[in-house]
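The values are calculated or read from the model by the stated rules, or taken from the named source; none is laboratory data. All values reported here derive from a predicted model rather than from experimental measurement. Cβ atoms come from the backbone with ideal geometry, glycine included; neighbour counts cover every protein chain shown. We work out accessible area using only protein heavy atoms, side chains counted, and drop any ligands, DNA or RNA first. Shrake-Rupley method; radii C 1.70, N 1.55, O 1.52, S 1.80 Å.
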Amino acid sequence: MKKQALLAKIHRSLITSHRLLVTGYWLLVTGSLVGCSGTATVFPTPIAVAELPTTAVSAINTPTLAANVPVLPTATLSPVATVATVGETAVFTNRSIGDPYTPELGNLGYDVQAYTIALTLDPADPRVQQAATTLDLVITDPTLTELSLDFVGFTDVAVSSGATPLSFRREDDKLLVELPQPLAAGTPFGLTVRYGGEPTRRQSPYVGFVESLGLTFANGMVYALAEPDGARFWFPANDHPRDKAFYRFELTVPEGLTAVANGTLRETKPTTLPNGRSATTFTWQHDYPMASYLAVIAVGEFERIEATSPQGVPLRHYVAAPVREDFRRVEAVTGEALDWLSGLLGPYPFETFGFVTVDAPQVALETQTLSIVSFESVGARTAVHELVHMWFGDDVSLHSWQEMWRNEGFATYFELLWQMRGESAEALDARIAEMAGAVAQNGAGYPLGNPPPAQLFGFNTYFEGATAVHALRRQLGDEAFFAGLRLYFERYGGGTASDADFQAVMEEVSGQLLDPFFAEWLQ
Ligand code: TRP
Ligand code: ZN
């Protein structure tokens, strides 16, 4: 459907649009009022962080990953330096991955294959007791003299490669590590960053509804939230979806608590903390390419709930006691929705799926294989929304953060399709017209393809995004639309795709030229 035709329907649907706001899941999903009026942003009450002295991080033994870790494709990471200007002089830098929307994020000259993140955490003490993140990477730029990593905060930082200490400095939210000598393209290189202390808490310019990204210690729990620029607040990373990698987590927590992360639990081992306290190390591993913002950990008291989807995909949830009853609604829907989505989009892309519930202000995030959801956001609609993100965002990640409509628009759209399955095409059209009405009334009116940073997760991104998806479907017809989506996941699964890549796939399956469509909706 053309945008004009859709807008014409708005007049008819304005009168019912308030129903969308009342019943819409949007508040549940983002946990905020961002975008409802275009300006009102509600910040959760700041969490008190005790002022505690930091102690030196004792050496912890973090084995590097086995040498047989498969090498990820490096195609998206060319060693092309980005250009910054200082005065009149152009300065070539590899301290950006080249996403013009977030030039501060990511780095070039290397490609991370795997992260091993070892953390010792106690929810009662809001510091990282000790941490060691090991990056197994491959050099892509043979002229590189230093490695640039995204890393913010912490104390007692030390960097080494094997037994060799490496010199480093900290500048502009980067950890700059001197290479002993330039290395040929393709050379594997491993380095370990040790650190500890209280995480830096700073609000992301892209996320108005969460006080800070990175690790939060609250109410007997620790958890990580990172979309889009928060991974660097808890581990050193090439912090951009263009450099996906495998992840291993070794989480040591006081005895009696459970620590969870992406992927599958590989080992649970009793250990002793430096202060003599009994503890447990939980080792988790996820051997599928994953963007840094999708890495998650949570520490708390959880019940593990296991199931399989009707078609056999393993499910495991970690649920805290206060929401155990509410969570039954999520259990009731997850397996069935997962199989339904697999039928529409292609096979579920990972080894397992589930949710972890945390005592946080109202949020939910599509952390890969283990979506994090706050107590208040436990519910079927949010669950389906995050599940859709396993395809849109996780399996195929954005090439630029500017393209957020493709994550949130599709998640919103398929969540709506799930709700309305069994209803007529006319009912869906009417619902989308309602949504368009709400956008006209409450949206901030920014171009969908280039949101202002503070509106990256604004009302338009979700709801105008979903109306754009529906308009594309109506223009292409169901056959081409769904075949196009399946081809998109086949082609780009495990990596990233740009709006242009998406457009090209949809043109390929439909035989239509879609320049006018995307110009109309995105610019
Ligand atoms: N992607 C989330 C969603 O499913 C919203 C979100 C973006 C978020 N950044 C976040 C949630 C940071 C929690 C923290 O809509
Ligand atoms: Zn979403």
### Cβ-derived FRET efficiency at R0 22 Å, Arg277 paired with Gln203, nearest 0.05
0.05
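Where does the charge balance sit around Gly230 when Lys and Arg score +1, Asp and Glu -1, over other residues with C-beta under 11 Å from its C-beta?
Values: positive: Arg201, Arg202, Arg232; negative: Asp150, Glu227, Asp229, Asp239.
Cβ neighbours under 11 Å give a net charge of -1.
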## Note on the structure
Stokes-Einstein, Kirkwood over Cα pairs, region 78-301, 4 °C, 1.567 mPa s; D in µm²/s equals 72 µm²/s
### Task
Could you check the simple spin-label distance between Glu351 and Gln523, using points 7 Å along Cα→Cβ, in nm with one decimal?
4.6 nm
### Query
When ranked by the protection proxy of mean other Cβ atoms within 10 Å per residue, highest first, what sequence do the peptides 386-393, 420-427, 153-160 form?
386-393, 153-160, 420-427
### Message
What is the percent carbon and sulfur in the accessible area of region 397-463, measuring with a 1.4 Å probe over the protein chains and ignoring ligands?
### Response
49 percent
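Say R0 is 35 Å: what FRET efficiency, to the nearest 0.05, do Gln311 and Ala430 get from their beta-carbon distance? Mind dumping the intermediate values first?
Working: r = 32 Å, r/R0 = 0.91.
Working from the Cβ atoms, E equals 0.65.
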### Query
With +1 on each Lys and Arg Cβ and -1 on each Asp and Glu Cβ, how big is the dipole of region 78-301 about its Cα centre, in debye rounded to the nearest 20?
340 debye
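For a test of the definition: using alpha carbon positions, the gyration tensor, and the 1.5 limit on a/c, classify region 470-523 as rounded, prolate or oblate.
Numbers: a/c = 1.97, a/b = 1.24, b/c = 1.59.
Taking the square roots of the gyration eigenvalues as a ≥ b ≥ c, region 470-523 is oblate.
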### Summary
Between the modelled labels at Ala184 and Arg329 (7 Å from Cα along Cα→Cβ) the distance in nm is 6.0 nm
### Message
Can you tell me the length gained on complete extension of the stretch Gln441 to Ala124, counting 0.36 nm per residue apart and subtracting the Cα distance?
### Response
109.6 nm
### Query
What is the packing order of peptides 175-188, 309-322, 242-255, taking the mean over residues of other C-beta atoms within 10 Å and listing the highest first?
242-255, 309-322, 175-188
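By the gyration tensor of its Cα atoms, with a ≥ b ≥ c the square roots of the eigenvalues, what is the shape of region 93-138: rounded for a/c under 1.5, prolate for a/b over b/c, or oblate? Show your work: numbers first, answer last.
Numbers: a/c = 4.18, a/b = 1.85, b/c = 2.25.
Since a/c reaches 1.5 but b/c is at least a/b, the shape of region 93-138 is classed as oblate.
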### Task
Compare the peptides 452-459, 269-276 by average per-residue count of other Cβ atoms within 10 angstrom and give them in order, highest first.
452-459, 269-276
### Query
Taking the simple approach of a point 7 Å from Cα along Cα-to-Cβ for both Glu423 and Lys269, what is their distance in nm?
5.3 nm
### Query
For region 78-301, what relative contact order do you get, as a whole percent, if you take Cα pairs closer than 8 Å and at least 6 residues apart?
20 percent
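Within region 78-301, what whole-number % of the accessible surface is contributed by carbon and sulfur, with the 1.4 Å probe and all protein chains included in the calculation? Let's see the in-between values first.
Details: 3890 of 7520 Å².
Carbon and sulfur: 52 percent of the exposed surface of region 78-301.
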